[in-house]
Amino acid sequence: MKIITNVWNFTTQQGSVITIGTFDGVHLGHQKIIEKIIDSGQKNDLIPTIFTFFPHPKMILQPNTAPKQIQTIEEKAIMLQNLGIQQLVIQSFDKNFADLSPEDFVKMILVEKLQVKKIIIGYDHRFGKDRTANITDLQHFGKKYNFEVEEIPAQEINEVAVSSTKIRKALEEGKIPEANAYLGYFFSFSGEVIHGKKLGKKLTFPTANIKLSANYKLIPKDGVYAIFTIMNGKKIFGMMNIGNNPTIDGKQSSIEVHFFDFESDLYGKNLTIYLYKYIREEQKFVSIEALKHQLEKDEITIRNVFSSDKKNLKKISNP
């Protein structure tokens with residue numbers, strides 16, 4: 001897949017079929033549009049292209065209310081490539097770009113730089129300065145600049161009943177199976193294993209402390225989770241705590257993972273953690289011994305979760 005980070009310096013002779021959007025999460029609704037893009041590209045000898053933005057427009061225009069993202073830009077790129085997209089335009093969203101008029105965006109970028117021959121877009125898509133243009137304007141520009149516009153109707157989009165907002169809400173409420181079902185894959189995050197307080201080792205539950213690679217990545221609800229990772233092609237199961245460790249008067253939030261039946265030095269390594277199920281809320285215990293006892297119960301609970309879900313685990317194919 002070709003990744004274009006500076007469209008102004010890009011040139012091509014081959015026509016493209018394009019869709020436009022932030023595509024946070026690349027969920028089942030997005031995947032339906034992507035299938036159309038790829039199919040149209042194959043039938044018409046056009047490059048299947050996604051035009052997306054980074055940072056998310058709200059990070060620039062409304063930084064105080066901008067939502068955390070389901071995926072990092074790197075995670076998004078990998079997934080789009082795996083789905084068959086051949087060209088990804090990552091437009092730097094700044095105030096200069098935000099000030100482009102709808103026609104300038106279409107003419108100068110889509111037509112002149114990307115050689116667009118077809119755009120497949122949702123019925124409610126808006127674009128250009130202050131998002132003033134709509135699908136009717138795009139169809140007008142299509143006639144003027146000789147490209148086709150295929151509208152995805154409301155009924156077709158609503159059939160999937162998925163949105164990035166719904167997925168964020170599910171993750172923030174600890175509804176992991178629901179979020180995973182909307183996404184069509186396991187929600188995950190990646191980061192480097194760093195040194196922590198080493199309390200887990202004293203509790204006989206040594207943990208890998210994960211430092212996320214991007215501060216704009218959404219972190220689910222605080223609490224204990226059933227998780228897994230992939231190391232050397234093998235699934236390693238375990239449990240994870242997100243929170244500030246109130247029993248030991250923790251001041252900062254952390255992500256700590258304990259892997260079952262696993263011993264290895266992971267410091268400095270990058271891991272991807274896949275979330276399977278939310279188990280319980282984080283809580284403050286009366287003593288370290290009480291905390292250790294609860295961790296032992298959590299391990300039994302989570303091992304039973306994975307044991308009872310063997311059929312579903314065999315279906316895991318996306319990691």
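Computed quantities for the displayed model
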quantity: Residue list for the range 1-29, restricted to those being under 20 Å from Leu138 (Cα atoms) and under 19 Å from the mean Cα position of the chain (by Cα); calculated: Thr19, Ile20, Gly21, Thr22, Phe23
quantity: Per-region count, the range 7-28, residues within 30 Å of Leu183 (Cβ to Cβ) and either in contact with a Leu (Cβ under 6 Å, 6 or more places away or on another chain) or not hydrophobic (A, V, I, L, M, F, W, C) (or both); calculated: 8
quantity: Single residue of the range 88-112 satisfying the filter (of a type outside the set (A, V, I, L, M, F, W, C) and touching a helix residue (DSSP H, G or I) at 6+ places or on another chain (Cβ under 8 Å)) that is nearest to Ile4 (Cα to Cα); calculated: Gln91
quantity: Which numbered condition Leu100 fails, given (1) within 14 Å of the chain's Cα centre (by Cα); (2) in a loop (DSSP other than H, G, I, E, B); calculated: (1)
quantity: Tabulated pairs, the range 279-300, first at positive phi and open to solvent by less than 40 Å² (accessible area, probe 1.4 Å), second assigned to a loop (DSSP other than H, G, I, E, B) and not basic (Lys, Arg), C-beta under 9 angstrom, 6+ apart or interchain; calculated: none
quantity: Some residue of the range 216-228 being closer than 23 Å to Thr165 by Cα, in contact with a His (Cβ under 9 Å, 6 or more places away or on another chain), at pLDDT 90 or above and surrounded by 13 or more Cβ atoms within 10 Å (Cβ to Cβ); calculated: yes
quantity: Residues satisfying the stated conditions in the range 138-178, i.e. farther than 18 Å from Leu28 by Cβ, open to solvent by 60 Å² or more (accessible area, probe 1.4 Å) and part of a helix (DSSP H, G or I); calculated: Gln139, His140, Lys143, Lys144, Glu172
quantity: Count of the range 47-70 residues which are touching an Asp or Glu at 6+ places or on another chain (Cβ under 6 Å) and either open to solvent by 30 Å² or more (accessible area, probe 1.4 Å) or assigned to a loop (DSSP other than H, G, I, E, B) (or both); calculated: 1
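The values are calculated or read from the model by the stated rules, or taken from the named source; none is laboratory data. Model, not experiment: these values are computed from the prediction. Heads up, the Cβs are rebuilt from the backbone with ideal geometry, glycines too, and the neighbour counts pull from every protein chain shown. Heads up: the accessible areas ignore ligands, DNA and RNA and are worked out on the full protein's heavy atoms, side chains in. Shrake-Rupley method; radii C 1.70, N 1.55, O 1.52, S 1.80 Å.
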